[in-house]
1. Which FRET efficiency, nearest 0.05, do R91 and F66 yield, Cβ-Cβ r, R0 45 Å?
2. Among M339, M148, which comes first, then next, by fewest other beta-carbon atoms within 10 Å?
3. Reported to two decimal places, what Rg/Rh ratio describes the chain when computed on Cα atoms with Rh from the Kirkwood expression?
4. Which FRET efficiency, nearest 0.05, do A162 and E121 yield, Cβ-Cβ r, R0 56 Å?
5. With point charges of +1 on the Cβ of Lys and Arg and -1 on the Cβ of Asp and Glu, referenced to the Cα centre of the stretch 87-190, which listed residue (S129, S112, L143) lies farthest in the positive direction of the dipole?
6. For the cross-link pairs K290/K322; K140/K196; K258/K322; K163/K299, which exceed 29 Å when the distance is taken from alpha carbon to alpha carbon?
7. For K128, list the aspartates and glutamates whose Cα falls under 14 Å from its own Cα; do not include residues on the same chain fewer than 8 positions away.
8. Can you give the angle from 0 to 90° between the axis of helix 317-327 and the longest principal axis of the chain, with both taken from C-alpha atoms, to the nearest 10?
Amino acid sequence: MAEAIVSIVLGYELNEDQVIGSVLPRALEGVDLGGDIRVGILDEGGRVRFPPSSSARPAFLAAGHFAEILPSWQVGLFHPDGRSIDDLVWREKATSLAFLGGTLLVIILGISLTVRAAAHEVALSRLKSDFVSNVSHEFKTPLALIRMFGETLETGMVEDEAKRREFYRIIRTESERLTHLINKVLDFSRIDAGVKQYTFREADVVDVIRNTLDRYRLQVRDLGFTIDVELPPAPVIARIDPDAVSEALLNLLDNATKYSGECRRVEVSAVTSDSSITVSVEDHGVGIPKEDLPNIFVKFYRARTEQTLETPGSGLGLTLVKHIVEAHGGRVKVESEPMRGSRFSFGIPLQG
Ligand code: ADP
C-alpha cells in the first residue's frame with residue numbers, strides 16, 4: 001500500500017500599514033530609552049517607516065536587522081537632532097562636570113561664608129571685650145578725681161578759699177565728663193537696639209555750636225588748648241535735634257583734644273552753602289593710619305596705634321556722630337594723615 005505524502009506549506013502576508021500604524025506604535029509605546037533617544041525603522045528601500053513623521057533618514061547611533069519576520073527592515077536608535085554617540089557622551093560628560101563644578105563651588109562658597117562669619121564673630125567679641133575694659137578705664141579717671149577732691153574737701157583741711165573753689169570746679173567738670181560718658185554709652189545702646197529717637201525742631205545751628213564750645217572750653221580749660229573758632233555771623237536755621245547735634249560736636253571735640261599729642265591747637269569752623277551748613281573740627285595731632293580710616297566709624301573700633309591705645313576711649317564716639325549726622329540727612333567726612341592731624345566735618349542740610 002502506497003503511503004500518501006501530504007505537504008502543508010504555511011505562509012504569511014504582512015500588512016505593512018497595520019504593522020507601521022498600529023503594531024509598532026503599540027510595541028514601542030512602553031519602551032523608555034531615557035533622554036532623547038528614539039527608535040526608528042527603515043524598510044528594505046532605506047525609507048523611514050517609523051516614526052511616521054520622519055522623512056529624512058536618521059543617523060543611527062546603533063542599528064540592526066530584524067530577525068526572521070522582516071529580514072530586510074532595520075531597527076535602530078537615533079537622536080532627533082542627528083547627534084553621534086561621541087557627541088552624546090561628550091555632552092553627558094560636560095553636564096556631569098558642570099554639575100560637579102557647581103556643587104564644588106557651592107560647597108566652597110558655603111565654607112568660605114561660614115569661615116568669614118566665624119572670623120567676624122571672633123573679631124566682634126574681641127572688640128566687645130576690649131570695649132568693656134576701655135569703658136571701665138575711661139570711667140575710672142573722672143571717678144578717681146571726684147573721689148580724691150571730694151575726700152580732701154571733706155577733711156576740712158583746705159583753708160584757702162581759692163583752692164577750695166578750684167577743687168569744686170574740678171569735681172563739677174569731672175562729673176560733667178562722667179555724664180557725657182554715660183550719655184554716650186546709653187545713646188549707643190539705644191542706637192544699637194534701633195530705638196534711638198530724635199526730636200527735630202527749627203533751631204539756630206550756630207547757636208548750638210557756640211553753646212557746645214562754651215561748655216567744652218570749661219572742660220579743657222586746664223589742658224592748655226587753644227580753640228580757634230570761625231562761625232557765620234548770622235543765625236543759620238535748620239531742622240535739627242539740638243541736643244544730638246551738640247553731642248556729635250562734643251564727640252569730635254573730645255577726640256580732637258584726646259588725640260592731639262603735643263600740638264594743642266584745635267580749629268572749629270562752620271561754613272554755609274545754599275543747601276547745607278558744614279561743621280569742621282581740625283586737630284594737628286597723631287592722625288589716623290590709612291588702613292584704619294575705613295573702620296573708625298564701626299562700633300567699638302579703635303585704631304591700633306600706640307598713641308590711640310595709650311588714650312582711654314570706648315570706640316563709640318564716631319559711631320554716634322555718624323548716626324546723628326545721618327539722622328539729619330547729612331554725611332560725616334574725615335581727612336587725616338598720621339602725625340599731621342585730622343579734620344572731621346559733617347554737613348547738615350538746610351531747608352530749601
Ligand atoms: P574712642 O573712644 O576710641 O575715641 P571713637 O569712636 O571716637 O572712639 O574713635 C574711634 C577711633 O578713631 C579712635 O580710637 C581713634 O583711633 C580714631 N580717632 C578718632 N578721632 C581721631 C582724631 N581726631 N585723631 C586721631 N585719631 C582719631
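Rule-based calculations on the coordinates, nothing more; no lab input. From a predicted model like this one, the values you see are computed outputs, not experimental measurements. No Cβ is skipped: glycine too gets one built from the backbone with ideal geometry, and neighbour counts run over all protein chains shown.
1. Step by step, r from the Cβ atoms, then E = 0.90.
2. Lowest to highest Cβ neighbour count: M339, M148.
3. Here the Rg-to-Rh quotient is 1.55.
4. Computed FRET efficiency for A162 and E121: 0.50.
5. After comparing all options, I get S112.
6. Values: K290/K322 19 Å; K140/K196 27 Å; K258/K322 19 Å; K163/K299 41 Å.
Going by Cα-Cα distance, K163/K299 fall outside the 29 Å limit.
7. Output for K128: D192.
8. The angle comes out at about 70 degrees.
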